[in-house]
Amino acid sequence: MPIQPLLPAAAIAANMAELKPALRRQEALVEASRCLYCFDAPCIMACPAGIDIPAFIKKIAHGNPAAAAKSILSANILGASCARVCPTPVLCEGACVLEDRDEQPIQIGRLQRYATDYIAERDIKVFTPPAQTTGKRIAVIGAGPAGLACSAELAQLGHTVVVFEKQAQPGGLNTYGIAYYKMRPEISLAEAELVRSLGVELRCGITIGKDLTIAQLEKTFDAIFVGVGLGATNRLRIPGEELPEVVDALDFIDQIHTRPLDRVPVGRRVVVIGAGNTAIDAVTQSLRLGAEQATVVYRRSEGDMSAYDFEYQRAKCDGARFLFNVAPVEVCGSAGHVIGLRLVRTNAGADGRPEPIPGTETIEPCDLVLKAVGQEKQVVLLRRLFPALQIDAHGVIARDPLTGQTSVPHIFAGGDCANGGREVVNAVGEGKKAAHGLHAFLTRQTAAPPVQPSRLGAKTGPTGSGLLHPVRVHELEAALKK
Amino acid sequence: MADLSTNLAGIKSPNPFWVASGPPSNTGYQAHRAFEAGWGGVVWKTIGEPIVNVASRYSALNHGPARIVGFNNIELISDRSPETNFREIAEVKRRWPHHAVIASLMVETRAQWHEFVRRATDAGADGIELNFGCPHGMCERGLGSAIGQQPAVAEKITGWVMETATIPVIVKLTPNVTDITAVARAARRAGANAISLITTITSITNVNLDPFVPEPTVAGRSSHGGYCGPAVKPIALNMVQSCAADAAVGLPISGIGGIANWRDAAEFIALGATGIQVCTAIMHYGFRIVEDMHEGLSAYLDSKGMTSVTELIGRAAPTLQKWETLDLHWQRVARIDYDKCIGCNLCYIACEDGAHQCIDLKTPEELGLGLGPGRVPHKPVPKVRENDCVGCNLCSLVCPVDDCVKMTVIENGRPPMSWSNYQERLAAGEMQPIAPHP
């Protein structure tokens, strides 16, 4: 049976309501007042965009949310979307010192949203375009988070920037790939408009390599920033993968963002393959669209999951099933449609890789299989566009992590195509660093990392910002366990 | 259980907690509720010739989410007739014969004072409090703080009262003076039986920045108010101690000013007050707060082995001395308990920008501390340079964790030497001047 939408619009709207609604004014003031205003705050160190978090929270507490928004957006032009999509429990909020005082950490994400919503709702402009332009022109390939962050920073440094995006709308995965209960696509599109308002030209629907060649870009631009992200979802390479109800999880999420919610087809019994954060988004949204059963299957163990623990807990609260140590061997079909997924139990082999256990095959009945097994690296595309570009063993662009400069001096890179796939806020940080790298390259100046206002007057160096060396809370926890 | 009963200049009360003269003691109804809740006494809202009040009478100082750390009012004395007030005092006394009811009075002429003292006495009041304190409204008419600010005038009017008074008289002092003991001594000279302090402090709590009018706003204008609430407690404690320590005052003290719980009350008593009065905290939370004051003070006295609250009176007073008597050689330094430190670095920036630059930021690796709460890789943590630490307390005050920064006494073997000793020894040529701090 082909799959179809299952629930009426009102029911889906309720299911897809925002998980973390906006803070009301009083809530925001109370929450902001809890902040200790740490010096060299760990939350800043854990923020890959280096937002001066205590400074903006103080401004909210003192009744100046517009100034708070300026602090946020100056460090992270995608502050409104990061407020919603950042995995704050493993970033800023995970680093909050209040946890060590046996208290709930400050709800930094929600306060950031409060401030950025405040100016969006009132149409308050916090940036003025630079008075002078440098005359340097930069082409940015890809209007995802890395490209937008890089463009915004370059524009504020006085450069002329044109962004080329193959999709019809800018924002990349921020527009098309975020769980609907975390963020609406309008937020991402509004951020693209904010970048445009800084003087950046956004050209959507243009595929570099098809509509325009790199040679053409190099003729009219002084430098190029590559922020092309990752490619399609990896193939399963099992029989039955071509059946119509075997769908990329990202394509499934894309449909949620590009169609009315009650027109998104979903299976009654959904199986999601993979156990990363995209798998969580897929399984929870399947349930919220009306799936009667949704199951994550993962060939390794629970402890090996790459999904964040808080995401895993959320999926379990939504009623998702999890099957560990099972690998898909065949998508079973009947009359051209999916009827089940044949699984085999696995155990960890000598090298730690999961190995199938013969004779343990079972069939999990389902009518929709969502693939969330990671995205392909863009090796083929990158080699075609930039034959001279050095690509590392992981299939991503080799670059200086502090400047984004690649093996080709006038080409810079950042975001998923350079880091292999991380958070939106990592892409922002890399785009920003690359902008300073580009600025230094084009003006022959040295790149100077921005100074946080709350550290002014500090004697020691530019520590305290996660922009240069973000502290990852789960990495820290892993270090502590050793 | 310790005996909480008190005797202030002959006014007996089952406990030291009185409702201060103000909005909570405006009516007999409120006095009944106060006594039912457990208060030991009520000082009636000041009785005088009837006045007229304005709308919008109170304003507050908030601090972050904490409401009313300071409170301000421009309300005048009782707006009810003296007949009503004295009748209700009589009714309250009939029902609560063993609780203290004190009539607060504010009138102008000698004849009026004589009349009001007599009427209060006839109503059965246990004592009289002379309102020489209100710093708003009434002072413009030559009453309240206008009297309390001039010892000679206060002495004269207290003298009028003492001519007819047959029950104890308490003079309520205004803090809006340079030296509160001057008017306290005047009260003593005039024969008053006790003093109560402090009344409110002249204030403007805040300015509404849209219409550019301070709060509380009355039809586009405001007026100086009287400030009270938790924020004034340190000022009140200082003045209570000043009067308690002055032999020329030598009167029992009813302590007032920012008292909100048993600990506040105990501090006032330990500095020399016989009992205390509360207004703002009742306005904030109601009469019910007395339950915890009762239990808390009782438990505290028991824990100290004191059998009566009178044993606590003035216990901390002798330790307060002139600065010149303090030991210059006593040394202590800040020590950070890294098991408690959460890594906020507030101590660092406070010392660096606000004090004496004796705390460094080091990485946990440099300090050999390993990682842990507050210590993440590369993140600086505070380290006190004990040789430079002057022991000022600032870091321990800003630290958000209890007992994390410990001010630790250093035994340096040097004999005590106060500023006075130092001056004497310098004069005697026994020592060289101490080198100035670099």
*Kirkwood hydrodynamic radius of the stretch B:85-131, Cα pairs, Å*: 10.7
*If all Cα-Cα distances of the stretch A:124-192 are sorted into 10 Å bins from 0 onward, what percent lands in each bin, rounded to whole numbers?*
20, 43, 29, 7, 0
*Determine, for each peptide in A:121-131, A:264-274, the mean count of other beta carbons within 10 angstrom over its residues, then list the peptides with the highest first.*
A:264-274, A:121-131
*What would the Debye formula give as log10 I(q)/I(0) at q = 0.06, 0.08 Å⁻¹ for the alpha-carbon point model of the protein assembly as shown, no solvent?*
-0.63, -0.90
*asked:* If I ignore ligands, DNA and RNA and count only protein heavy atoms, how much of B:CYS347 is accessible to a 1.4 Å probe, in Å² to the nearest 10?
replied: 10
_In Å, what Kirkwood hydrodynamic radius results for the stretch A:246-371 from the alpha-carbon pair distances?_
14.8
*Can you give the % of DSSP beta bridges in the protein assembly as shown that are antiparallel, to the nearest 5?*
45
*Which percent, to the nearest 5, of DSSP beta bridges fully inside chain A are antiparallel?*
40
*Over the alpha-carbon set of chain A, work out the extent along each principal axis and list the three values in angstrom, largest first.*
67, 56, 49
*Rank B:TRP330, B:GLN423, B:CYS347 by how far each Cα sits towards the positive end of the charge dipole of the stretch B:323-427 (+1 on Lys, Arg Cβ; -1 on Asp, Glu Cβ) and give me just the farthest.*
B:CYS347
*asked:* Let me see the P(r) profile for the stretch B:6-319: every Cα-Cα distance counted, bins of 20 Å, each bin given as a percent of all pairs.
replied: 36, 59, 5
*Compute the accessible area per residue over the protein assembly as shown, keeping the other protein chains in place, probe 1.4 Å, unit Å².*
44
*Dimensions of the stretch B:391-438 along principal axes (Cα, Å, largest first)?*
47, 23, 18
*How crowded by other chains is B:361-370, given as the mean number of beta carbons from other chains within 10 Å of each beta carbon?*
1
*Per residue in the stretch B:377-394, which ones lose no less than 10 Å² of accessible surface when going from chain alone to all protein chains (1.4 Å probe)?*
B:PRO377, B:HIS378, B:LYS379, B:PRO380
*When the accessible area of the stretch B:323-427 is split by element with a 1.4 Å probe, what percent falls to carbon and sulfur?*
51
*asked:* I'd like the antiparallel share, as a percent to the nearest 5, of DSSP beta bridges with both residues in the stretch B:6-319.
replied: 40
*So for the pair A:GLN132, B:VAL153, with labels modelled 7 Å out along Cα→Cβ, what separation do we get in nm?*
6.8
*asked:* Relative contact order for the stretch B:323-427: what percent, with Cα pairs under 8 Å and sequence separation of 6 or more?
replied: 45
*asked:* List the residues, sorted by chain then number, that are 5 or more residues from A:ARG300 or on another chain and whose placed amide H is less than 5 Å from its amide H.
replied: A:ASN325, A:VAL326
*Using a 10 Å cut-off on Cβ to Cβ distances, tally the other chain neighbours for every residue of B:339-352 and report the average as a whole number.*
5
*asked:* Rounded to the nearest percent, how much of the accessible area of the stretch A:31-136 (1.4 Å probe, protein heavy atoms only) is carbon and sulfur?
replied: 46
*Using amide H atoms built 1.01 Å from N in the peptide plane, name the residues 5+ places from A:ALA348, or on other chains, whose amide H lies under 5 Å from its own.*
A:GLU355
*Please name whichever of A:ALA152, A:VAL247, B:VAL42 sits farthest to the positive end of the charge dipole of the protein assembly as shown, dipole taken about the Cα centre and charges placed at Cβ: Lys and Arg +1, Asp and Glu -1.*
A:ALA152
*Taking amide H positions as placed in the peptide plane 1.01 Å from N, state which residues far from B:GLY275 in sequence (5 or more) or on other chains have amide H under 5 Å from it.*
B:ILE253, B:GLY255
*Quick one: which of B:198-204, A:179-185, B:162-168 comes out on top by average Cβ neighbours within 10 Å, and what's the full order, highest first?*
B:198-204, A:179-185, B:162-168
*Assign unit charges at the C-beta atoms only (+1 for Lys and Arg, -1 for Asp and Glu), then state the dipole size of the stretch B:6-319 relative to its Cα centre in Debye, rounded to the nearest 20.*
220
*State, as an integer percentage, the relative contact order of the stretch B:274-387 based on alpha-carbon contacts under 8 Å between residues 6 or more apart.*
19
*So what does log10 I(q)/I(0) come out to for the stretch A:282-441 at q = 0.12, 0.15, 0.20, 0.21 Å⁻¹, using the Debye formula with one equal point on every Cα and no solvent?*
-0.75, -0.95, -1.17, -1.23
*Report, to the nearest whole %, how much of the accessible area of the stretch A:246-371 belongs to carbon and sulfur atoms, 1.4 Å probe, protein only.*
45
*Over the stretch A:246-371, what relative contact order in percent results from Cα pairs under 8 Å that are six or more residues apart?*
29
_Net charge of Cβ neighbours under 12 Å - reference A:PRO105; Lys, Arg +1; Asp, Glu -1_ = -3
*Between B:PRO377, A:GLY199, A:ILE57, whose Cα lies farthest towards the positive end of the dipole of the protein assembly as shown when Lys and Arg beta carbons carry +1 and Asp and Glu beta carbons carry -1, centred on the Cα centre?*
A:GLY199
*Starting from the coordinates of the alpha-carbon atoms of the stretch A:391-435, obtain the Kirkwood hydrodynamic radius over all distinct pairs and give the value in Å to one decimal.*
10.2
*asked:* Can you tell me the orientation of helix A:145-156 relative to chain A, as the angle in degrees between its alpha-carbon axis and the longest Cα principal axis, to the nearest 10?
replied: 10
*Computed P(r) (all Cα pairs; the stretch B:323-427; 10 Å bins; percent)*: 15, 39, 27, 12, 6, 1
*asked:* How long are the semi-axes of the equivalent ellipsoid of the stretch B:96-206, defined as square roots of 5 times the Cα gyration tensor eigenvalues? Whole Å, largest first.
replied: 22, 15, 14
_Protein-protein interface of the stretch B:37-75, residues with accessible area decrease of at least 40 Å², isolated chain reference, 1.4 Å probe_ = B:PRO65
*Go through the stretch B:334-341 residue by residue and turn each phi into a ³J(HN,Hα) via Karplus (6.51, -1.76, 1.60, θ = phi - 60°); whole Hz please, and just put x for glycine and proline.*
7, 10, 9, 8, 6, 6, 9, 4
*Cα-based convex hull, the stretch A:5-63, per residue volume (Å³, whole number)*: 129
_Karplus (6.51, -1.76, 1.60) ³J(HN,Hα), θ = phi - 60°, over the stretch B:50-60, in Hz, Gly and Pro reported as x_ = x, 10, 10, 9, 9, 7, 6, 10, 10, 8, 9
*Using θ = phi - 60° and the Karplus curve 6.51 cos²θ - 1.76 cosθ + 1.60, what whole-Hz ³J(HN,Hα) does each residue of the stretch B:412-426 get, with Gly and Pro shown as x?*
9, x, 8, x, x, 8, 8, 4, 4, 4, 4, 4, 5, 5, 4
*Order the following by accessible area, largest value first: A:LEU389, A:LEU36. Probe radius 1.4 Å; ligands, DNA and RNA are ignored.*
A:LEU36, A:LEU389
*Any idea of B:VAL183's accessible area? Nearest 10 Å², probe 1.4 Å.*
10
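The values are calculated or read from the model by the stated rules, or taken from the named source; none is laboratory data. Since we're looking at a predicted model, the values are computed, not measured. Glycine also receives a Cβ, built like all others from the backbone with ideal geometry; neighbour counts cover every protein chain displayed. Calculation scope for accessible area: heavy atoms of the full protein, side chains included, ligands and nucleic acids excluded. Shrake-Rupley method; radii C 1.70, N 1.55, O 1.52, S 1.80 Å.
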